[in-house]
Amino acid sequence: MRRALTTIVFAALALLLALPAYADWSALARLQRQGALVSASAVNLRTGRVLEQLDPSRRLTPASLTKLATAAAALQVWPPDQQFQTRLVSTGAVRGDVLRGDLILAGAGDPSLTDRSLWVLANAVRAAGIRAVDGALRVDPLPFGSVACADQDRCAAQLRSDNAYNAPLSAIGVDYGTWCVQIMPTSPGNAARVGGCAVSRLPIAVTGTIRTVPQGWRQTFWVEQRTVNGTDTLAVGGEVPMGHGQRVYRAMSDPAYGTGLLLKEELREIGIRINGPVQVHFEPLPAGAQVLGHVGGLMVREQLWRMLQYSNNYIADVLTLDMGALAQPHETLASASRVLSNFVAQTERDDPPRVGPPPLYSGSGLTTANRLSANDLVDLLVYEYHDTRRFPAFYAGLAVPHDAPFVFLRQGDAAWLNRVALKTGTLNQPRSVCGIAGYLRKRDGGWIAFAAIVNGGPHWRHVPLYQAIGAERAGIEALARRY
């Protein structure tokens, strides 16, 4: 009898161990009962066993968690040390020190083009002995050509912007498609100097004045990009205290054209005159064009690190357009983003079955129509973990909360701060979004992949960030205590 009872106990214990140990993410469940929309899941990477889940198949707005799909897909397309080469070429013959033709800035879809890169190209012209160009400075933003704006923020920036994050997209865009503006105080009561970070004189008009005030006074200056008749201007005002100069970035309305203007000014400052205008063309390079100089962008691994660590929207969406252009140029970011939807679908595990590729319309997540579930994200994380060739570059881009650039992540217990590496996604409009996804290192050296997304619901549109991230963090800390 005792032996039979022992057999039954062990059989029951074995059955319990075999069943998925689903927890309820209790803090997230409370938010759900209050009206938030939630999707969450956690999986043991060694066994594939689901450890916790809460409505895991529900697809919600992921915001910048979309960038995990962008990073993973990019590493499938390019090796981590891939660089995009931007070239400066000439047409026509050089007679004496005059180029009897055009200069052409030929893009390669490099999201990391900087003003320093332009200086390298400008000095290559000087090294070729050219001191004047009879023709135009053409900008050819290849490989994906013109891209229509698809979200409210980027469309608005084509007319006005007081930010940098909403720069329109282009295959050529210096400093993530922005004007870098240097504000230097002079002496109290006098106007501060407003110029470029890379050039002495900005190639666009500046209207208004920023007044210099004594050190210790409150800083009130403002800078706004305004587009008038297709031409960018900067409107400025307010006060800047004595001390170090201030540097701000403002979205260009047309990054390809703005980059051409900046290069033309750099050439002027080193003594090379361009007689013709700056023009944007979407045409292949003419036969016989001569390469004067080229510059490589950051390696893909470095671009992905910046994209994930600082949630850089420009990098994410330009890389998405680059990936889409490998098959054919796309006129919209949404159509190029199908490469991401299809890739996420390919990472799907067999159990449970999905309902098709997730709808993704941007690589940045700035598009609020993007949808991902916790299952979508966890499957992607599982896929990357088992891809030993690409996992190091993917994992390197994730933030460890203890060292994260965002204060709201640098709170929590020791396990959260030191054993977690993750990406976040947040939005405020039209409803709140707060999501996390990444890896938890177990005490025994194993790994857990997790994802949790909180969206505002119909009856609770804006879940406070501290409540959403607190509930998500509580779930991960509970997992860390168990494992």
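No lab work stands behind these numbers, since they all come straight from the coordinates. Please read these numbers as outputs of a predicted model, since none were measured by experiment. No Cβ is skipped: glycine too gets one built from the backbone with ideal geometry, and neighbour counts run over all protein chains shown.
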Extension length gain for residue 81 and residue 402 (0.36 nm per residue less Cα distance), in nm, is 112.8 nm
Pseudo-spin-label distance residue 49 to residue 146, built 7 Å along Cα→Cβ, given in nm, is 5.9 nm
Partner lysines whose C-alpha sits under 20 Å from that of residue 264, ignoring same-chain residues fewer than 8 away, are none
Cys in the chain lacking any partner Cβ under 4.7 Å -> 434
Calculating semi-axes √(5λ) of the Cα gyration tensor in Å from this structure picks out, from (i) 35, 25, 21; (ii) 31, 30, 22; (iii) 49, 26, 18, entry (iii)
Sequence order, the range 452-466: Karplus ³J(HN,Hα) from phi using 6.51 cos²θ - 1.76 cosθ + 1.60, θ = phi - 60°, Hz rounded, Gly and Pro as x, gives 8, 10, 10, 10, x, x, x, 9, 8, 5, 10, 6, x, 4, 5
Residues whose built amide H sits under 5 Å from the amide H of residue 193, excluding neighbours closer than 5 in sequence, are 184, 186
As a percent rounded to 5, the proportion of antiparallel DSSP bridges among beta bridges in the chain is 80 percent
In nanometres, the difference between 0.36 nm per residue of separation and the alpha-carbon distance of residue 285 and residue 206 is 25.0 nm
Once the dipole of the chain is set up from charges on Cβ (+1 Lys and Arg, -1 Asp and Glu), the residue from the list 86, 101, 456 lying farthest towards its positive end is 456
What helix-only [θ] at 222 nm does the chain give? Using -39500 (n - 2.57) per DSSP H run of at least 4, over all residues, to the nearest 500, the answer is -9500 deg cm²/dmol
Scalar couplings 3J(HN,Hα) for the range 280-292 by Karplus 6.51 cos²θ - 1.76 cosθ + 1.60 (θ = phi - 60°), nearest whole Hz, x for Gly and Pro, are 9, 10, 10, 9, x, 4, x, 4, x, 5, 9, 7, 8
Looking only at lysines whose Cα falls under 23 Å of residue 442's and that sit 8 or more positions away or on another chain, we get 423
Net charge (Lys, Arg +1; Asp, Glu -1) of residues whose beta-carbon lies under 14 Å from that of residue 240, residue 240 excluded, is +3
If every Lys and Arg gets +1 and every Asp and Glu gets -1 at its Cβ, then about the Cα centre the range 85-298 yields a dipole, in debye to the nearest 20, of 540 debye
Charge tally for neighbours of residue 306 with beta carbon under 14 Å away, counting Lys, Arg as +1 and Asp, Glu as -1, is -1
Plugging the Cβ-Cβ distance of residue 429 and residue 58 into 1/(1 + (r/R0)^6) at R0 = 22 Å yields, to the nearest 0.05, a FRET efficiency of 0.55
Those trypsin sites (Lys or Arg not before Pro) from the range 308-389 that are DSSP loop and have at most 13 other Cβ neighbours within 10 Å turn out to be 389
Counted neighbours (other Cβ, 10 Å), sorted fewest up, put 264, 67, 442 in the order 442, 264, 67
Residue 189 neighbourhood, Cβ < 12 Å, K/R = +1, D/E = -1, net charge 0
For the range 145-156, in residue order, the Karplus 3J(HN,Hα) values (coefficients 6.51, -1.76, 1.60; θ = phi - 60°; whole Hz; Gly and Pro = x) are x, 7, 10, 6, 5, 10, 10, 4, 5, 6, 5, 5
